[in-house]
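Below is one structure, written out as structure tokens; the observations come after it.
No lab work stands behind these numbers, since they all come straight from the coordinates. All values derive from a computational prediction rather than experimental measurement. Cβ sites come from the backbone with ideal geometry, for glycine too, and all protein chains shown count toward neighbours.
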Amino acid sequence: MSGDTLVETRGLSRHFGPIQAVSDLSLTVRNGDVYGFLGLNGAGKTTTLRMILGLLPPTAGTVSLFGKTKARERRRLLARVGAMVESPAFFPSLTGFENLWHLGRLSGPLEKSRVDHVLDLVGLSHAGHRAAEHYSLGMKQRLGIALALVSRPELVILDEPTNGLDPNGILEMRRLVKRLNREEGVTFIISSHLLHEIEMTCSRVCILDGGRLVIEEDLKSIFETLESSFRLDAAPRQLALEVVGSFAEARILPADEGEDAPIAFEFPRDHLPRLTAALVERGVDLFTLTEHRMSLEEFFLSRAGGRTEGQLT
Amino acid sequence: MNPLINDLLRCLRFESRKLVRRNLFWMSLAAVPLTVVLSGWAATTLAQPVESYALFAEVSSWGFLLAAFFLLVLGCSSVNEEGICGALRAVRCRPVSPAVYLLAKALVLAVATLVLATLALIAAYLWTERAGGFHAVSIVIPGLEDTEVYSAAAMKHFTLGLTIAQVPPLFFSSGLGLLVSAAIDSSGLAVVLGLLISAGLGGLGSVQTDLAPLCPPALLTRPMELLGELARANEAVQPQVEAWTLTSAPVWGPLLVTGVTTLVAMLVFSKRPVR
């Protein structure tokens with residue numbers, strides 16, 4: 001393991017009675033990553049995060065945190081980690097400020113100005129001295145994120161951080177993660193069911209299915225390998241279809257929006273000039289020719305058992 | 001500073017803050033002296049007039065009994081309620097040792113124990129003073145001409161010794177609550193189980209008197225009963241009263257059991273996965 005690796009699991013497994021929640025999971029989170037954790041309901045995401053944090057012992061395999069595998073050493077290293085797992089967790093009878101202050105101090109020295117700063121960062125400075133039990137769902141989520149950030153961690157683990165946030169809150173959250181990663185070099189592990197958020201925020205993702213690792217890859221590399229197709233809007237449509245079909249390398253795809261919809265086809269990108277020239281030569285009026293790339297959601301569904309969207313977590 | 005000491009100090013401050021935010025704690029602070037005053041009023045108004053030491057013994061025992069109940073409930077709901085609301089996850093994601101975290105809880109409950117015991121005693125003392133105050137006691141031994149007289153100062157000395165002997169069982173109440181709370185997720189069930197264990201140990205201590213020092217709940221009223229008996233000129237209890245010192249088994253027995261109970265609670269808490 002290189003010194004650049006913050007979290008590494010090898011052959012990590014956990015079962016609850018007969019249910020295998022996580023099976024032989026090996027993954028690596030590097031310094032500076034914004035690591036997206038994707039999986040359907042029951043895929044083993046939260047169980048894995050709990051094992052990484054030492055909240056749950058694995059039944060097999062190892063977890064390495066900042067290069068240390070022994071439980072006692074890893075516990076001391078939790079001072080460098082901020083986490084919100086499952087749901088925002090805090091003491092309801094204490095105020096938001098008191099929760100941040102006392103829990104933050106368990107990780108090491110802390111100044112009150114830092115607590116004020118973090119409350120301001122998550123937009124809770126107006127409610128810092130109110131008992132946390134009176135917070136709304138969105139405010140509790142913000143407080144949970146603030147708790148994860150208060151002790152200036154190098155690694156932040158956020159489980160479904162956008163749950164309960166309004167669109168503005170989600171946008172602020174995305175900006176915050178990107179800014180802390182860029183300016184302060186904070187590494188993030190983010191589990192989310194909002195694939196669009198993962199796509200917009202993360203630099204690296206892993207997909208779990210049934211407790212097993214399906215893929216772990218840089219998001220950029222995934223997008224480079226994603227299949228792409230083209231959509232051609234031209235008239236007359238039948239003539240355009242004939243021209244496209246005359247190319248041996250073209251594969252016409254079934255029209256997904258009716259007979260008047262743009263023609264969908266797969267075609268080598270570097271042969272496109274030949275195709276457009278042939279269309280113009282045959283008198284076809286070209287309106288639009290656009291590239292359609294598979295989204296992360298389509299990729300995820302194709303890899304994670306191809307189950308329905310309703311089962312996503 | 002040693003990191004463990006540092007962690008313990010931070011946890012102590014945290015636990016103190018949590019305790020003062022618990023309604024049950026404030027309720028106990030009000031209820032314990034109020035019970036002492038009400039039992040004193042009942043003893044002096046509704047019943048036959050009683051000797052001042054017997055009055056002190058009776059009213060302080062009621063206060064201690066209620067304090068033991070509140071401490072048991074405070075202990076029984078101290079860990080599992082944090083688990084239910086998820087707050088324990090926030091603690092266990094931090095580098096502090098679970099054993100240190102629980103030790104801080106035990107120490108803060110011990111301070112709460114002292115506060116409640118002091119309140120019960122102050123209320124009992126003030127009520128006794130109001131009812132006539134402490135004075136010398138004569139013990140007449142039938143058949144003999146001699147009358148043994150205990151001065152007011154001697155009686156106060158006995159009273160102090162017996163009073164101190166009442167505090168260790170209170171520590172056990174909170175320690176037992178902490179252990180049950182660390183082992184059982186439901187605070188309601190934990191309170192019921194804590195009361196049953198407490199009553200069971202009390203019963204065992206009554207039957208097996210040689211085990212009584214190690215069965216703290218049995219001692220909750222016994223020292224004060226002795227004082228009351230002495231005040232009623234029952235010379236048979238005199239050796240027992242004089243035997244109560246800080247180093248006697250009825251004092252260190254409950255403290256020892258409390259220490260063991262707290263250690264077991266720390267072990268259980270450290271080994272349990274967090275919800």
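Working ranking of peptides A:265-276, B:181-192 by packing, defined as the average number of other Cβ atoms within 10 Å per residue, highest first, is B:181-192, A:265-276. For the protein assembly as shown, the share of DSSP beta bridges that are antiparallel, to the nearest 5, is 70%.
For A:T59 and B:I197, FRET efficiency with R0 = 25 Å and r from the beta-carbon atoms, rounded to 0.05?
Given R0 = 25 Å and the Cβ-Cβ separation, E is 0.15.
Bridging of B:K156 to aspartates and glutamates at a Cα separation below 18 Å is possible for B:E51, B:E58, B:E129, B:E148, B:E225, B:E229, B:E235, B:E242, once same-chain residues fewer than 8 apart are set aside.
Does region A:5-223 come out rounded, prolate or oblate by the C-alpha gyration tensor, with a ≥ b ≥ c the root eigenvalues, rounded set by a/c under 1.5 and, if not, prolate when a/b is larger than b/c and oblate if not?
Details: a/c = 1.65, a/b = 1.43, b/c = 1.15.
It comes out prolate by the Cα gyration axes.
In summary, the lysines within cross-link reach of B:K271, defined as a Cα separation below 27 angstrom excluding same-chain residues under 8 places away, comprise A:K45, A:K68, A:K70, B:K18, B:K105. Distance between the 7 Å Cα→Cβ label points at A:N41 and B:Q208: 5.3 nm. Of the trypsin sites (Lys or Arg not before Pro) found in region A:105-150, those in coil by DSSP whose Cβ has at most 16 other Cβ atoms within 10 Å are A:R130. When the inverse distances between all different Cα atoms of region B:1-119 are averaged and flipped, the Kirkwood radius reads 16.2 angstrom. Taking label positions 7 Å along the Cα-Cβ direction at both B:M1 and A:Q20, the computed distance is 4.9 nm, reported to one decimal. Available extension along the chain between B:L9 and B:L114 is 35.9 nm, counting 0.36 nm per residue and deducting the alpha carbon span.
The modelled label-to-label distance between A:K220 and B:T45, using points 7 Å beyond Cα along the C-beta direction, is 8.4 nm. Under 16 Å from a point 7 Å along the Cα-to-Cβ line of A:D260: which residues of region A:223-252 have their amide N that close? From region A:223-252, the list is A:233-238.
Output needed for the protein assembly as shown: three equivalent-ellipsoid semi-axes, defined as square roots of 5 times the C-alpha gyration tensor eigenvalues, in descending order, whole Å.
Values: eigenvalues 1056, 92, 74 Å².
Output for the protein assembly as shown: semi-axes of 73, 21, 19 Å.
About its Cα centre, the dipole of region A:5-223 is roughly 680 debye, where the only charges are +1 on Lys and Arg Cβ and -1 on Asp and Glu Cβ.
If a spin label sat at a point 7 angstrom from the Cα of A:S136 along the line to its beta carbon, the backbone N atoms of region A:147-171 nearer than 17 Å would be those of A:162-171.
Peptide A:82-90: average number of partner chain Cβ atoms within 10 Å per residue?
On the way: counts 2, 5, 3, 6, 3, 3, 3, 12, 6.
The mean count of partner-chain Cβ atoms within 10 Å per residue comes to 5.
Ranked by how many other Cβ atoms sit within 10 Å of their own Cβ, fewest first, the residues A:I189, B:I197 fall in the order B:I197, A:I189.
Of the beta bridges DSSP finds with both residues in chain A, what % are antiparallel, to the nearest 5? If you can, show how the numbers build up before the last one.
Numbers: 35 of 53 bridges.
Of the beta bridges lying entirely in chain A, close to 65 percent run antiparallel.
With R₀ fixed at 22 Å, the C-beta to C-beta distance from A:H126 to B:I84 puts the FRET efficiency at about 0.15.
Take the Cβ atoms of A:N31 and B:A99, set R0 to 35 Å, and the FRET efficiency comes out at 0.65.
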